[in-house]
Amino acid sequence: MVNTTGSYEVMEKAREEGRTILTEIESKQLLRSLGISTTEIRLATSEEEAMAMSREIGYPCVLKVSSADITHKSDAGGVKVGLADADQVARAYRAIMASCRAKFPQAAIEGVTVQNMARPGLEVIIGMATDPQFGPVIMFGLGGVWVEVLKDVSFKIVPLTKADAANAVREIRAARLLEGFRGSKPVDTSALEDILLRVSEFVAQTPQVKEMDLNPVFAYPDGAVAVDARVILGE
Ligand code: ADP
Ligand code: MG
């Protein structure tokens, strides 16, 4: 059984502030409370703070814009990965702010998140949406062009059984990529199935959640980590 108590605190805070979209920090906090691995993440509101946090988190690290008004962070120039030291963090902070302010002059920018850089893995997407007919459904697919161009995804209706989770992962056309190719090791599909089941159990108990987007999740030969996350609450 997934313990959902930690998630309520996060959702309640957003509600009190009149928000239906949880920030990346809140979304990851919620995922962690459900037992889903994510990156370490903290909010910095100045260049100095970002530098100090990066020293605590360690290198390489990642900086990302934090703004409820910017949903596609990389399109806005709001994501810098592979930062090797505090100087690079300072430069990344300035570059992110300049680019996001130029592209979205109206956006309220809360600051920048500092996170550890997850080691490279196979990028997959796990999503949850509310279908008018079927209610909550969970989506699984490979990340990048696989989902954008080829629309190679599978859907399952909540609540998922273990067999549903296993099939969701195996049913995509590119499933063979998960089994390893050109010498790469197979990814830990049981870790992906575990995330699908935890998300399913959570949303089955939490009708106020309308959408979830774990995009991407890095899949490894051992385990899987959500490196970006967004949770949207219903009205
Ligand atoms: P967007 O809002 O554009 O979806 P993401 O947070 O998904 O922004 O970041 C864009 C890309 O940067 C991701 O697809 C991933 O490849 C990489 N990335 C983001 N965060 C991390 C991280 N903490 N560690 C490693 N790679 C990351
Ligand atoms: Mg993303």
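The values are calculated or read from the model by the stated rules, or taken from the named source; none is laboratory data. Predicted, not measured: the structure shown is a model, and the values here were computed from it. We place every Cβ from the backbone using ideal geometry, glycine too, and count neighbours over all the protein chains shown.
Do we find a residue being surrounded by fewer than 17 Cβ atoms within 10 Å (Cβ to Cβ) and under 14 Å from the mean Cα position of the chain (by Cα) anywhere in the stretch 61-71?
Yes: one or more hits.
I'd like to know if the stretch 212-231 contains one or more residues that are more than 16 Å from ligand 2 (Cβ to nearest atom), farther than 23 Å from MET117 by Cβ and exposed (fewer than 15 other Cβ atoms within 10 Å of the Cβ).
Scanning the stretch 212-231, I find no residue that is more than 16 Å from ligand 2 (Cβ to nearest atom), farther than 23 Å from MET117 by Cβ and exposed (fewer than 15 other Cβ atoms within 10 Å of the Cβ), so the answer is no.
Here are some residues: ALA86, ALA98, ALA68, ALA107. Which one is touching a strand residue (DSSP E or B) at 6+ places or on another chain (Cβ under 8 Å) and either modelled with pLDDT under 95 or more than 30 Å from LEU160 (Cα to Cα) (or both)?
Criteria check complete, one pass: ALA68.
Residues are listed down the side, and each one gets a yes or a no for (1) aromatic (Phe, Trp, Tyr); (2) under 19 Å from the mean Cα position of the chain (by Cα); (3) farther than 30 Å from ILE57 by Cβ:
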position: THR130; (1), (2), (3): no, yes, yes
position: VAL149; (1), (2), (3): no, no, yes
position: ALA174; (1), (2), (3): no, no, yes
position: SER184; (1), (2), (3): no, no, no
position: GLU193; (1), (2), (3): no, yes, no
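With respect to GLU49, is the statement that it is crowded, with 18+ Cβ neighbours inside 10 Å and farther than 23 Å from PRO120 by Cα true?
It is false that GLU49 is crowded, with 18+ Cβ neighbours inside 10 Å and farther than 23 Å from PRO120 by Cα.
Within the stretch 184-200, how many residues are in contact with a helix residue (DSSP H, G or I) (Cβ under 8 Å, 6 or more places away or on another chain) and β-branched (Val, Ile, Thr)?
Within the stretch 184-200, residues that are in contact with a helix residue (DSSP H, G or I) (Cβ under 8 Å, 6 or more places away or on another chain) and β-branched (Val, Ile, Thr) number 2.
Those residues that are over 21 Å from GLY144 (Cα atoms), assigned to a loop (DSSP other than H, G, I, E, B) and out of contact with any helix residue (DSSP H, G or I) (no Cβ under 8 Å at 6 or more places or on another chain), I need them from the stretch 156-182; list them, please.
The answer is THR161, and nothing else.
Take residues that are more than 11 Å from ligand 1 (Cβ to nearest atom), touching a residue at least 12 places away in the same chain (Cβ under 8 Å) and of a type in the set (Phe, Trp, Tyr) and tell me which of the strands (runs of 3 or more DSSP E) falling wholly in the stretch 51-144 contain 1 or more.
In the stretch 51-144, the matching strands (runs of 3 or more DSSP E) lie at 135-142.
Step by step: first the residues of the stretch 136-154, then only those that are at pLDDT 95 or above and more than 19 Å from ALA219 (Cα to Cα), then the one that is surrounded by the most Cβ atoms within 10 Å (Cβ to Cβ). Which residue is that?
Going through the qualifying residues, I end up with PRO136.
Keeping to the stretch 168-198, report how many residues are of a type in the set (A, V, I, L, M) and either more than 21 Å from ALA118 (Cα to Cα) or surrounded by fewer than 17 Cβ atoms within 10 Å (Cβ to Cβ) (or both).
6
Identify the residue in the stretch 197-235 that is touching a strand residue (DSSP E or B) at 6+ places or on another chain (Cβ under 8 Å) and assigned to a helix (DSSP H, G or I) and, among all such residues, is nearest to ligand 1 (Cβ to nearest atom).
VAL199
Would you check if there is a residue in the stretch 8-21 being on the phi < 0 side of the Ramachandran plot and within 16 Å of ligand 2 (Cβ to nearest atom)?
Scanning the stretch 8-21 turns up at least one residue that is on the phi < 0 side of the Ramachandran plot and within 16 Å of ligand 2 (Cβ to nearest atom).
Among the candidates ALA165, ALA92, single out the residue that is small (Gly, Ala, Ser) and over 22 Å from ILE195 (Cα atoms).
ALA92
Going by the conditions given, is VAL89 surrounded by 17 or more Cβ atoms within 10 Å (Cβ to Cβ) and under 21 Å from GLU26 (Cβ atoms)?
Against the criterion (surrounded by 17 or more Cβ atoms within 10 Å (Cβ to Cβ) and under 21 Å from GLU26 (Cβ atoms)), VAL89 does not qualify.
VAL153: without any contact (Cβ under 8 Å) to a residue 40 or more places away in the chain, farther than 23 Å from GLY35 by Cβ and not hydroxyl-bearing (Ser, Thr, Tyr), yes or no?
Judged against the criteria, VAL153 is a match.
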